[in-house]
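The values are calculated or read from the model by the stated rules, or taken from the named source; none is laboratory data. Everything numeric here is computed off the predicted structure, so don't read it as measured data. A quick note on method: Cβ atoms are made from the backbone with ideal geometry, for glycine too, and the neighbour counts reach across all protein chains shown.
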Amino acid sequence: MRFHRLLSLLLLAMAIIAWAAPLLRAARAPAGAGRGPAPVRSPQVLADHRVTFQLRAPKAGEVVVAGQWPNGRAPMQKDANDVWTVTVGPIPPGVWEYSFQVDGLQMIDPGNPAIKPMREPRTSILHIPGQPPLLHDFQDVPHGVVRQHTYRSQSLGRLRELAVYTPPGYDRQTDTRYPTLYLQHGSGDNQATWVTHGKAHWILDNLIAQGRARPMVVVMMDGHAAIGGGSGGRQENTTAFGRDLLEDVLPFVEANYRVKADVGSRAIAGLSMGGGQSLTIGLNHLDRFAWVAGFSASAPAREAIADCLNDPAGTNEKLKLLWIGVGKDDFLLQRNQELIATLKERNIRHEWRLTEGNHSWPVWRVYLAELAPKLFQ
């Protein structure tokens, strides 16, 4: 019995030593020994809105930060710890895209978890809130909910994804039905971009709280409907997207959300590629959408919207709003001006917004903020 007790104590002591040994070694080791380098913090926003960017790249020969803000390109310098650093600014409040260019390779900032949703992610997000908060900033108001869905598109024969914003109070006011805005992104982005980078949900929350916009449901689809873009290019993609929207998504939304199902309660809008999709589909389906808008749109040719152009009286009777906006420095300015000239020639009512700015998200957030209060009034 005594032998067994001693054996048990010996085994217990050996177990304690085995458990404690790594802790003792760690306590005796110099600080940092056996560990990787400390994580790099980037970006760091200073009190005066200057921003420090950092990247650990020991073998790089040149690193540059390239941002969307004014004078946004700046070379970085490497320190003794192989960390490239630069402090720029002050940068104006806003939601900005930026990338690192490492020996010519464009890449995201690995120290920043805020990444712009894209088909090929290559830009990070820098969000500097305004004081007072800007319309696309988070404010202390009632907030809606963004839901993500995976659905099977019967028309396209594969799984697809979409995001749906429901306004504040949607889950409590169970007897209320809402109008719907189908809101599209541009080429290269996806169904998450209008929320993650465009801040559409906060824009709507703030407008609704201010009494400037009606509560509405917003549906954001993946605009890349033709696999690989399709051999027919953009027109093939628009055609496939239209089938998915009309045959799959619209019925899905109206079966699963408390939305109004009449034409006067549906709007379609989008930017760039999504603007072209919205104008083409909306103007060809005025039995489905009474509110149509394009932001810096890849504007459709005359033949793509011939039915609406050939019946101006019928188009004006059905449309509640046709809204088109583009920046003076946008590479799609001429295409939009040509569309506006055609609408004027055919006496089709529309609102035309020629603004400052180029083909970028700071412009499109403003357009959404201008359009939303006009919808469903």
message: Of all residues being of a type in the set (S, T, N, Q) and part of a strand (DSSP E or B) in region 98-139, which is surrounded by the most Cβ atoms within 10 Å (Cβ to Cβ)? Just the residue, please.
response: S124
- request: For P142, work out the one condition from (1) free of Cβ contacts under 8 Å to residues at least 40 places away in the same chain; (2) part of a loop (DSSP other than H, G, I, E, B); (3) farther than 28 Å from T52 by Cα it doesn't fulfil.
  value: (1)
task: Would you check if N81 is modelled with pLDDT under 95, part of a loop (DSSP other than H, G, I, E, B) and either buried (at least 18 other Cβ atoms within 10 Å of the Cβ) or not acidic (D, E) (or both)?
output: yes
- prompt: Restricting attention to region 323-336, does a residue exist that is free of Cβ contacts under 8 Å to residues at least 12 places away in the same chain, more than 18 Å from G270 (Cβ to Cβ) and outside any helix (DSSP H, G or I)?
  reply: no
query: If A47 passes every condition in (1) without any contact (Cβ under 8 Å) to a residue 12 or more places away in the chain; (2) part of a strand (DSSP E or B) but one, which one does it miss?
result: (2)
message: If the requirement is being surrounded by 17 or more Cβ atoms within 10 Å (Cβ to Cβ) and over 24 Å from L134 (Cβ atoms), which of these qualifies: V326, V363, V292?
response: V292
- request: Could you list all residues from region 359-377 that are under 20 Å from the mean Cα position of the chain (by Cα) and among the aromatic types (F, W, Y)?
  value: W361, W364, Y367
message: Among the listed residues T174, T193, identify the single one that is of a type in the set (S, T, N, Q), in the same structural domain as I227 (by TED's automatic domain parsing) and farther than 24 Å from G282 by Cα.
response: T174
message: Which numbered condition in (1) of a type outside the set (V, I, T); (2) in a helix (DSSP H, G or I); (3) surrounded by fewer than 21 Cβ atoms within 10 Å (Cβ to Cβ) is the only one that L339 fails?
response: (3)
- line: Flagged in region 159-187 as part of a strand (DSSP E or B), in contact (Cβ under 8 Å) with a residue 60 or more places away in the chain and more than 18 Å from the chain's Cα centre (by Cα), in numbering order, are Y178, T180
- prompt: Here are some residues: T85, T123. Which one is more than 22 Å from S187 (Cα to Cα) and among the polar types (S, T, N, Q)?
  reply: T85
field: Listing of helices (runs of 4 or more DSSP H) fully contained in region 218-313 that carry 2 or more residues being within 25 Å of the chain's Cα centre (by Cα) and over 21 Å from L375 (Cβ atoms)
entry: 233-243, 250-256
